[in-house]
Amino acid sequence: MYIEEIRTLTNLPTETLVEIVELGIVEPDGQNLDSWTFSDIMLLRIIRAARISRDLEINYAGVALALSLIDELELLKMENKSLRRLIDRHMCSGSN
């Protein structure tokens, strides 16, 4: 998707989308604004960022920090789940 499609789907102005990219919330392919392309996952992240900004009444720098912390939390949860499985397997194999 190009930036015009993203603008249409999100109702965000170009300036806001540029800020979102500059803050690293999403990293589109392409060297400049006219050639940027966005994946569906990036679109969902932009929508999430806009919702956080609106709901919490924070600027996009704050949203970038919030999303970074959310990403880290999700990664830690996945790692925790994986480690719990390993522990469970070890405990089960040790009791046989």
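The values are calculated or read from the model by the stated rules, or taken from the named source; none is laboratory data. It should be emphasised that the depicted structure is a prediction, and the values quoted were computed from it without experimental measurement. Here the Cβ is made from the backbone with ideal geometry for all residues, glycine too, and neighbour counts use every protein chain on show.
Values for this structure:
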| quantity | calculated |
| --- | --- |
| Members of the stretch 6-33 that are touching a Phe, Trp or Tyr at 6+ places or on another chain (Cβ under 8 Å) and of a type in the set (D, E, K, R) | 19, 29 |
| Residue identified as modelled with pLDDT under 95 and part of a helix (DSSP H, G or I) among 75, 86 | 86 |
| Residue ID - surrounded by the fewest Cβ atoms within 10 Å (Cβ to Cβ), chosen from residues in the stretch 1-24 that are among the hydrophobic types (A, V, I, L, M, F, W, C), farther than 11 Å from residue 50 by Cα and under 16 Å from the mean Cα position of the chain (by Cα) | 18 |
| Residues of the stretch 46-60 that turn out to be part of a helix (DSSP H, G or I) and surrounded by 12 or more Cβ atoms within 10 Å (Cβ to Cβ), as a count | 8 |
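Here's the yes/no breakdown for (1) modelled with pLDDT of 95 or more; (2) over 14 Å from the mean Cα position of the chain (by Cα):
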| site | (1), (2) |
| --- | --- |
| 33 | no, yes |
| 37 | yes, yes |
| 41 | yes, no |
| 44 | yes, no |
| 67 | yes, no |
